[in-house]
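Okay, here's the structure, questions in a sec.
We did not get these values from a lab; they are worked out from the coordinates using the rules stated. The shown structure was predicted, so the numbers you read here are calculated from the model rather than taken from an experiment. Note: ideal-geometry Cβ built from the backbone for every residue, glycine included; neighbour counts use all protein chains shown.
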Amino acid sequence: MDKKAMTIDLNSQILLDKAEKEGVETMYDRAQGFKNQCGFGLKGICCRNCGMGPCRITPKTPRGICGADEHTIVGRNFARMVAAGTAAHSDHARDIAHTMALSSRDGNYTIKDEVKLINLAKEWDVETEGRDIYDIAHEVADVALMEFGKPHGVARLLKRAPKQRQELWNKLGIEPRAIDREIATIMHSTHIGCTGDIDSLMQMSMRTALADGWVGSMIGTIFSDILFGTPTVRNSEANLGVLEENKVNIILHGHEPSLSEMIVLASEDPELVELAKSVGADGINLAGMCCTGNEVIMRHGVRTAGDFHQQELALVTGAVEAMIVDVQCIFPALPRVADCYHTKFITTSPKAKIAGSTYMEFKEEDAFNIAKDIVRSAVLNFPNRDKSKVLIPEHKASSTVGYSTEAIVGQLDRVVNSQIDPAGTVKPLADCLKSGVLRGAVGVVGCNNAKGVSNLAHTTVMKELIKNDIIVVTTGCGASAAGKFGLLNKDAKKYAGKGLATVCELVDIPPVLHLGSCVDCSRILEVVGETAKYLGMDSSDLPVAGVAPEWMSEKAVAIGTYVVATGIDVYLGIMPPVGGSERAVEILTKEMEDMVGAKFIVEEDPVKLAHKIIEGIEKKRVHFEALVEEKMLQPAEA
Ligand code: XCC
Ligand code: SF4
C-alpha cells in the first residue's frame, strides 16, 4: 500500500513525502514491514508466562506444556492487558494525588477548584468546617492514596454509580477493592499454575477494569480539576499547522498534567519570552500531542499539534525546538527522528526513560524551576534550526473545547432555565433523550492504530453518528482527530441531523464535545451515571454506547472493559487478540450482556461500524422509551 494512503490527514501526507526525501523512517515505514503479523499473537493463543514456553496453540498442540488450553491462554493474556492499562491510568492518578499532597498556598501547586475539593471531602467524610483549604487538600490526598492499597473494603467512588449498578457489581463480586490489589491479583492469578478458568479470568478483568474507570481514572480527573481547574469552554485549533515559522515551537507529549501545567506557566515567564526574542524568535509557541495535548487544550486552549500517529511527523517539520514528554504513548523511535533535525527530545520521567533522549528529570518539589530549565533549553535551541529543512504544512481547524461535566450541565441549564443554577442538573439532557430529539449519546474514544488508515474510522463514525442525531462526546486521540477535521467546531452542526442541529443551535455547542484526555473517560461515566440516576434508571437502560474505532493501547482495553462492566455497549473497530478462543468471544460478545447488561461488538469496516452503533442505539431506545412510559404511569414516590 502507498504509505500516503495509510492516513487521511493531509498534513501527514505532505510530511510523509518530506520524510521519504530526507531518508527519515517513520511508523508508516515500519508498519509496512509488519504486513504479515504473527497469527498466534493476533489470536491471543501464544503464552510465555513461564520458562517452559512459549507455547503456541495449534491443532497438533492444543494445549501448552502445563496443559493450559486456548481459553485459559487467551483469558490470561486479556486479563494482563486490562491490568497493564489499569496500572498506567492509575499510576498517573497516584502521581496527581501526590502532587495534591504537596500543594500549598505559596508553592508551585495551588488549589484551583475549592468547591470540587470541598464536595469530595464531604463525600469522603473528611472534616471541612473551620479548616484551612490546604489541610483539607492534604487529608483528601491521603484518603485517595489509600484507595490504591487499603487493606479492607471496596473502592469509595463506586458509590457515585447508580444504586442498581452498585448492587449488581456486589452480586457479581466485581466491586474493586484497592487498585493495586486488583492489578496484583491479576498478575498473580495469571502466573503459571493459577487460574485455569476463563470465566473467572473475565470476571477478574471486569473487577480490575472497574478499578481503572471508577477509581484510578476518576481520581486522576477529579484531582487534576481541583489542582489545575475544572475545564471551561474555550476556543482553540488543531493539527500541525499550529506550529509557527517565527516562534520557538515546543511540543508537549505524554499524559500527566503536573508537568505540562508548569511548562505552560514557564512558557509565559517574561524572562523566557525575552530570551526567545534575544535569540531571534517572535516568542514561544506551545502545542500539545496525545493526552497531554488534551489536558492543556481543555484548561488553557493550548493548540493541539496532532495525535498519536503524528508524533514523528511533528519533528519532520524541522520546526520543533523541543519535544517534551513524560509517560505513555511515546514512540521509542523519537530520538532517531529528532537526530535528523535540530530538535531536542527531552524525557522527564524515571518511569519512561528513552535511550538517545536528553533526560531532564521532573520533580514536583521543584516543578517551576525545572520547567523553566526545560523551556530555556528549547529556546536556546532556536538558533540551531536549519531553515532549509523547515516545512510547516498549513492545515489546521478551529475548535471549541473544554466540556467538563460541569461545563456541559451549565451550558444546557443556561438554555432551559433563565436563572443559572450553579449546581445544575442533567434534566435538559435527559429530556432531549426522552423526547428523542437526541436519539442517543455515544463516546468515541481512543487511539490511532496502524492496522487501519489513520483517522479514517474516527471521522467516519463521528460524522455518521451526528448525521443520525446522536450526540458525540470524545476523549484521547479521538478528540484530536475530531479537532483536526473540524468536528469540534460549532459549524459542524451542518453535518448533524435535524434534532441534534437544533440542540446545537439552542445550546450553542458543537455536535462533538471534547471531554479531555483518556483518564477523562471518567467524565463520561459521570454524565451517564448522573443521567441514569436522575431518571431512576441504571446506566444499561440508556440509549448510550462507547466506541473505540482505532484503539491500540492496553489502556483502551481497560477502558472498554470498564465501560461494558458499567452496562454500556462498546464497539471496537479493531479486533482484540481473543479470536483464538471461542469461549472468550462468546463471553465478551454475548454472555457479558446477561451479566452486566452490555457487551463488546467488533466491526472493522468504519461505515458498517457506524451503522451497527446506530442500530444498537435504536434498539436501546425501544427499551428506554418503554421504561420512561412505565415510570410516568407509576405514582410519584412520596
Ligand atoms: Fe495514547 Fe492517551 Fe491512545 Fe492516544 S488515545 S494513543 S492511549 S494518547 Ni488515550
Ligand atoms: Fe506454556 Fe503453560 Fe508455561 Fe504458558 S504457562 S508458557 S502454556 S507451560
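Search the structure for amide H atoms under 5 Å from the amide H of Ile8, placed 1.01 Å from N in the peptide plane, and list their residues when 5 or more places away or on another chain.
Ser454, Leu456
Sort 174-187, 292-305, 66-79 by packing, meaning the average of other beta carbons within 10 Å per residue, with the highest value first.
Numbers: 174-187: 21.4, 292-305: 27.6, 66-79: 23.4.
Highest to lowest by the protection proxy: 292-305, 66-79, 174-187.
Kindly work out what percent of the DSSP beta bridges joining two residues of region 240-389 are antiparallel, to the nearest 5.
Bridges in region 240-389 that DSSP calls antiparallel: roughly 0 percent.
Under 21 Å Cα-Cα from Lys18, which lysines qualify once same-chain neighbours fewer than 8 residues away are excluded?
List returned: Lys3, Lys4, Lys344, Lys387, Lys389, Lys396, Lys484.
Could you work out the Kirkwood radius for the chain, taking every pair of different alpha carbons, averaging 1/r and inverting it, reported in Å?
25.1
How many percent of DSSP beta bridges within the chain run antiparallel, rounded to 5?
15
Before rounding to the nearest 500, sum -39500 (n - 2.57) across all DSSP H runs of length at least 4 in the chain and divide by the residue total; then give [θ] at 222 nm in deg cm²/dmol.
Result for the chain, helices only: -14500 deg cm²/dmol.
Which ³J(HN,Hα) values, rounded to whole Hz and listed in residue order, are derived for region 372-386 from phi using the Karplus coefficients 6.51, -1.76 and 1.60 in 6.51 cos²θ - 1.76 cosθ + 1.60 with θ = phi - 60°, glycine and proline given as x?
The phi angles translate into 5, 4, 5, 5, 4, 5, 5, 4, 5, 7, 4, x, 7, 5, 9 Hz.
Could you estimate the translational diffusion coefficient of region 369-482 from the Stokes-Einstein equation, with Rh from the Kirkwood formula over C-alpha pairs, at 10 °C and 1.306 mPa s, in whole µm²/s?
In µm²/s, the coefficient rounds to 87.
Please give the peptides 325-336, 556-567 ranked by average Cβ packing (other Cβ atoms within 10 Å per residue), highest first, as a rough proxy for protection.
The most tightly packed comes first, giving 556-567, 325-336.
Something else now. Filter the cross-link list Lys533/Lys631; Lys353/Lys555; Lys467/Lys590; Lys122/Lys533 down to pairs whose alpha-carbon distance in this structure exceeds 22 Å.
With Cα atoms farther than 22 Å apart: Lys467/Lys590.
Taking the Cβ-Cβ separation of Phe368 and Lys619 as r and a Förster radius of 41 Å, what is the calculated FRET efficiency to the nearest 0.05?
0.20
If I histogram all Cα-Cα distances within region 300-403 using bins 5 Å wide from 0, what percent of pairs lands in each bin?
Over region 300-403, the share of Cα pairs per 5 Å bin runs 2, 11, 20, 21, 22, 14, 8, 1, 0 percent.
³J(HN,Hα) across region 387-397 via Karplus (A = 6.51, B = -1.76, C = 1.60, θ = phi - 60°), whole Hz, x for Gly/Pro?
The phi angles translate into 4, 5, 9, 8, 9, 9, x, 8, 5, 7, 10 Hz.
Quick one: which of 205-214, 189-198, 446-455, 385-394 comes out on top by average Cβ neighbours within 10 Å, and what's the full order, highest first?
205-214, 446-455, 189-198, 385-394
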